Each structure stands twice: as structure tokens, then as C-alpha cells.
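Have a look at the structure below before the remarks.
The values are calculated or read from the model by the stated rules, or taken from the named source; none is laboratory data. Predicted, not measured: the structure shown is a model, and the values here were computed from it. Every residue, glycine as well, gets a Cβ built from its backbone with ideal geometry; the counts of neighbours run over all protein chains shown.
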Amino acid sequence: MVKANVCARAIKNVMYQLIKMSCFTVADDGLRLLQKAYEIEREPVAKDALKAMLNSIKIAKEKKIPLCQSPGTTTIYVTLGMNVKIEGNIYEIVREAMRSVVHEGYIRPSVVHPISRANTGDGVGKYTPNVEITLESDIDYLEIIVNTKGAEDSLGAAIKLFKPADIGPNAEGVKKFILETVFNAAMSCCPPFALGIGLGGSMDVAAKLSRKCLVRPWDQRSEDPEMEEFEREMLRLINSLGIGPNGLGGDTTALTVNAEYAHTHIATLPVALNIHCWLRRQTGARIYKDGSFEFLKF
């Protein structure tokens, strides 16, 4: 089968729009969960905080101004059909699109060298933004998902390598680790937040899964029965902590808990946590072989 080319200009145009849109829009699933949290909240101060969040989302969308002063960290998930060929360098296309959005003032340039802390000045750098590419044999399009999360949320990120004896019956040791981490980090992560949990594989795989599982719809549970039960239990336990919106107390500390797993070695269990603030900044699109495209809904 002859491969169809998707030109670099078309990809950059869509990439630019997605990155820019992610600055002032919240995905529908995140908005629904915030609205639900507002409706069920019993603490007046926490309810006011949730109302302010919802009002901020409305104003940002109407005026097309950034939802948050923090540009956060962006990962671009690219899914490429085996019969679709990209013209140009996808990594440089992403960097060019990011530079354009930064130069227009929608994103603050916050990318620095890890040692010297010198700012690159344009929001891009080595391996930044992060681009992850997946090949699929049964699709005939290019799919792009832009996922941005606050960098400060990562103060709540954690990874631990469990020995079998530390896992405990019914994974009680893992659940205790999750709850302790959330309790200690919650105030730095703008609650109510979403929690991504990566289980298994090697340490790098668990860390990657902990972020990628938050690309999945926030109001849908895992299709795996054991993971679904685990997600529901952890969401209930986290919300029972009573930290609440902005740490003011209340019914909703976490909007959702998403978990993903990889089979792992019998001698270990890597567990990684990734916290995402209430700003569900995710956009996406599919570009077809004829150059047409459509935006995705989340």
C-alpha cells in the first residue's frame, strides 16, 4: 500500500492551534467533574473556591487568556498510522509551534538548563517539549494530543520500588504509600486534583504510565476490573482525607484517580504517582491523509 504524506505545514498549523487552545480551555470531562464537585460540596468556603475555579474557566475561554500563569510541562502524544508518512521532522515541528505560542505571550518561557538554570527564552529545550510517538497498524491518520500539567504539581510526584514483602495483602502497603504521598503533597498541587498511578514494568515504565493514564478521560474508569476497583477505592480514600479544594477542607480532594499497569518482575513492584491540578489542559486533533483535520473531544 502506498503511504500518504502529511505535509509539515499542515501538522505545524494544527500543533500550533492545539498548544494555544490548551492555554485557555479546559477539556469537557474535567469541567464536568469540577461542576459535579461544586454541586455536592457541603463546606461553604470550599464551595466558593470551586465556584471561583469555574468562573475562571469561563472567563479564560471567553477572553482567550491563559488559565494559569504557569505554563507547566507539556507532553505531545503522537499516534501515527503505519500508512501515513510525515513530511519533515515532527520534533522540530513541535518546537516551532511551541516557540510561536510562547512569543505571542500565551505561555511564559520557563524552560531552563538543569544545572546552570539558564533560561532558553523560547519555551523549548533539549527533549522539551516531550514528544511520544506510537505506531498503529489499523488507522489511516495522524493523531496529536497535547497534554499540559502544572510543573508545581510534580512536587507531588513520587516513585517507589516495592519488595514483595512490602506490598502487603490486597496491596495495602501500596495504598498506604499513595495516601501518605497525597497527604504530604496536596497543598502544593492545587486541589482538587487528578491522580495518575503507574504500576509495574520497570521504574521508567511506571513513571510514564502514571502520566499517560491521565490522558484517558477523567470521568471513565479503567476497563480492567481489578484496576477499576483499585481506582474507585483510592478515590474514596483520598477524598476521605478532607483536604478539599485549595486545602480549605471539603468533600473533594481528588476529582479522579486513573491507574494503568504493566506486568512486572516477580521480585519487584515499581509504583509511580503523578498529580495533575484541576486545570484539565488537554487538546487533540486528527489529521487525515488528504490534509483535512478534526479536533477531538475529551
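Name the one entry in Pro129, Pro109, Pro114 that is touching an Asp or Glu at 6+ places or on another chain (Cβ under 9 Å), assigned by TED's automatic domain parsing to the domain that holds Val14, closer than 30 Å to Met98 by Cβ and not hydroxyl-bearing (Ser, Thr, Tyr).
Going through Pro129, Pro109, Pro114 in turn, just one is touching an Asp or Glu at 6+ places or on another chain (Cβ under 9 Å), assigned by TED's automatic domain parsing to the domain that holds Val14, closer than 30 Å to Met98 by Cβ and not hydroxyl-bearing (Ser, Thr, Tyr): Pro109.
Can you tell which of Leu255, Leu248 is surrounded by 16 or more Cβ atoms within 10 Å (Cβ to Cβ) and either on the phi > 0 side of the Ramachandran plot or at pLDDT below 95 (or both)?
Leu248
Any idea which residue in segment 124-133 is nearest to Tyr91 (Cα to Cα), counting only those that are in a strand (DSSP E or B) and under 17 Å from the mean Cα position of the chain (by Cα)?
Val131
Conditions (1) aliphatic (A, V, I, L, M); (2) under 30 Å from Pro44 (Cβ atoms); (3) surrounded by fewer than 23 Cβ atoms within 10 Å (Cβ to Cβ); (4) in contact with an Asp or Glu (Cβ under 7 Å, 6 or more places away or on another chain), marked per residue:
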{"position": "Cys213", "(1), (2), (3), (4)": "no, no, no, yes"}
{"position": "Glu223", "(1), (2), (3), (4)": "no, no, yes, no"}
{"position": "Glu228", "(1), (2), (3), (4)": "no, no, yes, no"}
{"position": "Arg232", "(1), (2), (3), (4)": "no, yes, yes, no"}
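Kindly list the number of the only condition in (1) over 17 Å from the mean Cα position of the chain (by Cα); (2) within 20 Å of Phe298 (Cβ to Cβ) that fails for Val215.
Unmet for Val215, out of (1) over 17 Å from the mean Cα position of the chain (by Cα); (2) within 20 Å of Phe298 (Cβ to Cβ): (1).
Here are some residues: Gly201, Gly150. Which one is in contact with a strand residue (DSSP E or B) (Cβ under 9 Å, 6 or more places away or on another chain), on the phi > 0 side of the Ramachandran plot, crowded, with 17+ Cβ neighbours inside 10 Å and in contact (Cβ under 8 Å) with a residue 24 or more places away in the chain?
None of the others qualify; the one that does is Gly201.
Filter segment 55-74 down to residues that are within 19 Å of the chain's Cα centre (by Cα) and modelled with pLDDT of 95 or more, then give me how many there are.
Total satisfying the criteria: 1.
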